[in-house]
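To start, the structure itself, in structure tokens.
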Amino acid sequence: MSANTRPGTPKRGHNRLASEQSPYLRQHAGNPVDWFPWGEEAFVRARESGRPIFLSIGYSTCHWCHVMARESFEDPAVAESLNRDFVCVKVDREERPDVDRLYMAYVQTTTGHGGWPMSVWLTPDLAPFFGGTYFPPVDMQGRIGFPRLLSHIAEAWRTKREELVAEGNRIIEAFRTHATAAQPENASTPAVDVGQRCLEWCFEAFDDQWGGFGGAPKFPRPSLLNFLFRISARRDAQAAGELTPDGREALRFEELTLQRMAEGGMRDHLGGGFHRYSVDARWHVPHFEKMLYDQAQLVGAFLEGYQATGRGVFGWIARETIDYVLRDMTSSGGGFFSAEDADSDTPDGGHAEGAFYVWTQDEIRAVCGEHAPLVERHYGVSAGGNARPESDPQGEFRGKNILHQVAPLTQTAAALGIALGDAETRLLGANEKLFRARGARPRPHLDDKVLTAWNGLMISALARAVQVLGPDDLDAAVRWEKAASRAAEFVERELHDPATSRLWRGFRESRGAAPGFAEDYAFLIQGLLDLYEATGATRWLQWADRLQETMDADFWDANAGGYFSSPAGDPHLLVRLKEDYDGAEPAANSVAALNLLRLDAMLGGGTRADRARETIEAFRAQLDRAPHGLPQMLVAVDFMIGPVRQIVIAGDPGSADTRALLRAVHGRLEAPRVILWADGAEGQVWLAGRQPWIAGVKPVGGRGSASVCRDNTCGLPVTDPEELARQLA
């Protein structure tokens, strides 16, 4: 892609990728490289020609993917080498996470690191024999140049083919053995001690100045915050419900991390939402792409931060992030788009990372006028730019400013001799002017794929906002509930087969060919459970129940337990792996384990809880070795330890008396619990068919009521929110 080509727009569109759905593949449709999409046509060509496959994996909003495309894939000389010596295949990692996961495991195993763009060389039978990530056009900084690497690999294939094939087959067989191996019977059962060791890791890794864990680059990693919030929710029964010492420390970690992320340049202070990660430890200089899965998970983190601390700013940031998604990342049909690019066009006809978001001091002054001194002081704006040299080694942001809050507004107002209320009004007005001025710039490329898994995460975020913030803002609750329901209906309409209860992975212009993967089922089931708890609409609980049955049938490993990432039957996927790391997205097994436990608490029967325990048992070795690698699974462990409360609400979800009860339920972080709705209609009849004890629950004296239950045994129903809060304390 040339510097002045907008991502997503093919230049010539002469090869096979031009007709693909993926924006990433279409970005490469004009390359001189003779690309194939992943599929039989490419593999037949490799087998018949005897050439190895060059597999390039990335995604459409990936900055370094754009860089390698510009430097290498658009170079006619490089393309000539690729076309002569290899069969070249492009894969969108977001469309085919199964292909990406397999070859990323190979790259990480052989090189010790991973990332995108990913470059892997395969035998014609798809076994990997060499791989890496980004390769520069010439040798630099210890990395071999891509053209020279191509020459070496082509020569090795000519002279050492049998060795390379044997090595590729050996690695695939090792992966296959590991993926299907049962856990040793003497492994310790994950329990409280595993969670304690994860917390000890957090003590050691926590950055006491800037929040987060470890140094640069710094990622938000919401699954780790989820685990810490569960620690915070545990109360000391011997100390009048106060936090335990571990809970106080966990809360400190969470609060400082959320505060620093909110202040930093990783947050878009004008338009809402969060960028992918920070290249520095201060959360200041971000990698500017915006991913739907980050927005969804961070909404959840800030909502729990609000519950845990009562700090209104955390709830406000959750609202702001939702507003961004509903404004800029929502399709006309209700589905949520995948991402916005880090790069965009510049006024001089170039293309640069962060161009849409950064500001010169002169631009700030021209837009903000008399209020520019306040804006400059609040956001750390300077004539030379505010990116530190260590965070900007290439000088890409020299003279540019990344907006970040350098001090509380109270300090800024005092330093300028302005009353705090006036400072707030002026800053909000200046932000609005800057937002409008920024809107006139070329926008970053929008990846408008609708992915089932990521929509499930966003449905969860909206449903939880309805629960946590909705009781105090009925208008917002109605808007968020509608958006979550429309997204669920979009997936149900476009990405679900009601005859088989199977899902597809994604939609863009029409439904894609890839099947749903384990994460699509797990994340959507989670979203549907949250949507049921928020709305009382039994249809979502019923659908979640059916999807769980399909996930069990299509992904369960009957030998070793746990869920494979991909369904069986794909002849081109050499190994079905199980994701065992909660990273930017949680692992499907971690989410599935908690889904199973929630479904069991909601619907009874015990079999789902048994399967949840088997899922956790399947990852005993990983949990024992490095529990901080699976913090979302530790959330499931916490739920499994219990005790779990069943809170049964009888009444209209939108009525004032019921909202008051919900305010009491969601007023603070809670230990494990589920919410069940007694609607006095078909939903309650269906639920009572699985939980007979719920049949008699009803409003009291015409008012909404709540019953707190454990092990299907309930206390007396209450209508007073204060009494409910006392029962939950």
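Okay, here's what the table says:
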read-out: Highest-first arrangement of 467-474, 216-223, 653-660, where packing means the average Cβ count within 10 Å; value: 216-223, 467-474, 653-660
read-out: Surface accessible to a 1.4 Å probe, Arg158 within the full protein complex, Å²; value: 150 Å²
read-out: Low-density loop positions, trypsin sites (Lys or Arg not before Pro), region 383-489 - DSSP coil, at most 12 other Cβ in 10 Å; value: Arg398
read-out: Per residue accessible area of the chain, 1.4 Å probe, in Å²; value: 38 Å²
read-out: Cβ crowding within 10 Å averaged over residues, with 590-602, 86-98 ranked highest first; value: 590-602, 86-98
read-out: Computed lengthening from Leu716 to Glu80, 0.36 nm per intervening residue step minus Cα-Cα distance; value: 221.2 nm
read-out: Any cysteine of the chain lacking a neighbouring Cys Cβ under 4.7 Å - listed by number; value: Cys88, Cys198, Cys202, Cys368
read-out: Computed E for Ala568/Glu48 - FRET, C-beta separation, R0 25 angstrom, nearest 0.05; value: 0.35
read-out: Burial ranking of peptide ranges 522-535, 38-51 (average Cβ count within 10 Å, highest at the top); value: 522-535, 38-51
read-out: Equivalent ellipsoid, region 509-626 (semi-axes from 5 times Cα gyration tensor eigenvalues, Å); value: 23, 19, 13
read-out: Distant-in-sequence amide H partners of Thr133 (H built 1.01 Å from N, under 5 Å); value: Ser119
read-out: Potential lengthening between Ser151 and Asp472 on full extension [0.36 nm per residue; Cα-Cα distance subtracted]; value: 109.1 nm
read-out: The chain, accessible surface, carbon-and-sulfur percent (1.4 angstrom probe); value: 50 percent
read-out: Structure-derived Cα extents along the principal axes in Å: which label, when the choices are [x] 95, 64, 49; [y] 82, 69, 46; [z] 116, 83, 51; value: [y]
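The values are calculated or read from the model by the stated rules, or taken from the named source; none is laboratory data. All figures in this text were calculated on a predicted structure; none of them were measured in a lab. Here Cβ is always computed from backbone atoms with ideal geometry, including for glycine, and neighbour counts include all displayed protein chains. Heavy atoms of the whole protein, side chains included, go into the accessibility calculation; ligands, DNA and RNA do not. Shrake-Rupley method; radii C 1.70, N 1.55, O 1.52, S 1.80 Å.
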